[in-house]
Amino acid sequence: MIKQKQQGKANVTWAAFIVVVLSIIVGNAFLALNTIQGLTLTQKSLDNTNMLTTAIEQLHLSIVQAESGQRGYLLTEEDDYLAPYYDAVNQLQAQTDHVKSLHSEIDGQAERIAELLLLTEAKIAELKQTVKLATNDKERRALYVLNTHKGRKLYKQIRAKVNDIQDRELLFKVSHFSKLAKIKNEAKITFAITAITSALLIIGMFVMTRLNLRNAAQYRADLEKQNETLASKVSERTQELTLYSDELSRSNRELEEFAFVASHDLQEPLRKIQAFSDRLETMFKDELGEKGIDYIGRMKNAAQRMSNLINDLLEFSRVTTRGKDFIDTDLNDVVADILSDLEIAINESNAQVNVDKLPVIQADKSQMQQLFLNLLSNAVKFRKAGTTPRIDITYEDVNEFSEELNVDAQWQVVTIKDNGIGFSQEYADKIFVPFQRLHGRSEYKGTGIGLSVCRRIVERHGGVIHAQSIEGEGATFTIKLPVEASLFTLQGEA
């Protein structure tokens, strides 16, 4: 009891420690994930604003390059200025699409970018108009358009819009760099907390392990002490059981010898009674008269019944004392032999016997023959008048729980069913009791011990036998024998 309490306390302590460890691990994991998520989101925002700032700056530079090429060509009419112009104009379309694909997290920034793109489109249209006029020999018209300063006004608006957008993105970037620095500081604190808690966990594990080893050593010492005590008790019990087994064997031998002597000594007077009855009946038949002959007949019948009872009782006692070792026994051969022995009775009654394929089991073959002989002869004997006897022998393999061994056991179940006179179900247990008869001796012969022998045989093999019947509708005898008969028979013999 004390050991169980100590073990219970140790289990509670370890359970509490595991809960604390898991809580710390979950907490550290939450802090680390939160820090990593914050760093990821902040870095993503910085990457977005850098990409947007760079794209807008490239767009602005392309506009400046295109405008420089336009003005150089209009002033000098040299084609060399058109090369940078065309390059810039071609890049502007791709850069415009790129800017459109980007987004900003700043409120109102999307509207400003849209305005910038509209101004850029207007600037590109103005550039293309003047260059197209100049290339079509309309330089004066082109210079006129240029001198309207429409293009300069557009560029000023574009530059102002670019500066506004970039300034806002710069402020956004500065604020996120501050946030990034803060998150990094928090990450350092988180990692420091994780390191401290990990160290504490390692120390706690070391302490708990030492305590567990010490308790285990104590438990082991107590267990060894209890094992020594138990071994001593087992040794004493084994000696007692050995003596008991020897005494039981001696008692069984004495019982067998007594049964043999008793049967021999009892049979001898009975044989003399029968012999002298025969002589008396033969020599003084006329002098005895009808009444005397009746008395002698009754005396002879009583002596014969007594002889049969003694033989059956001796057979009943020898089920256990003279049982043979279990060997592989083919029940098909056993039943075939019994049906051969009962051939005359079966033919006289026109009985129909149907036999399933039966198993090979570990059993005492001679006792299996006695078992099936008793059951099948009863099925033929207790038949209904005017009805053809029908006997069905079936087999199935069943897996059922054994309360005796507290395990699931495999059972070989043989069922013998007939359509005979049957009996009331209230006598289902009574019929297996020695010398119990449900019918008078004048109706059916027998000593009332055959089914008792059947039950002893089945029980010796670790099985059970039971009967079900309805009076006038036949009887069903079910024999359940375990596949691992040794487990049950060893327990029964112990």
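The values are calculated or read from the model by the stated rules, or taken from the named source; none is laboratory data. The structure presented is a predicted model; accordingly, all values stated were derived computationally and were not measured. Because the Cβ atoms are built from the backbone with ideal geometry, glycine has one as well, and the counts that use them run over all protein chains shown. The protein model used for the area step is the full one, side chains on, heavy atoms only, and it has no ligands, DNA or RNA in it. Shrake-Rupley method; radii C 1.70, N 1.55, O 1.52, S 1.80 Å.
Some notes on this structure:
- Looking at region 324-487, the accessible area is 52 square angstrom per residue; that uses a 1.4 Å probe and ignores ligands, DNA and RNA.
- Of Lys384/Lys430; Lys233/Lys480; Lys44/Lys182; Lys272/Lys365; Lys300/Lys381; Lys272/Lys381, pairs whose Cα-Cα distance is over 28 Å: Lys233/Lys480; Lys272/Lys365; Lys272/Lys381
- Carbon plus sulfur fraction of accessible area for region 324-487, probe 1.4 Å, in percent: 45
- Shown is the FRET efficiency for Val64 and Ala15, computed with R0 = 51 Å from the Cβ-Cβ distance and rounded to the nearest 0.05: 0.10.
- Extension gain, Thr54 back to Val355 (0.36 nm per residue minus Cα-Cα distance, nm): 98.7 nm
- By average C-beta atoms within 10 angstrom, highest first, the peptides 82-94, 231-243: 82-94, 231-243
- Modelled label reach - Glu115, point 7 Å along Cα→Cβ, region 150-184 residues with backbone N closer than 12 Å: 157-165
- Here r is the Cβ-Cβ distance between Ser198 and Val464 and R0 is 51 Å; the resulting FRET efficiency, rounded to 0.05, is 0.20.
- Legend: residues Ile193, Ile449, Ile327, sorted from most to least accessible area (1.4 Å probe; ligands, DNA and RNA excluded), read Ile327, Ile193, Ile449.
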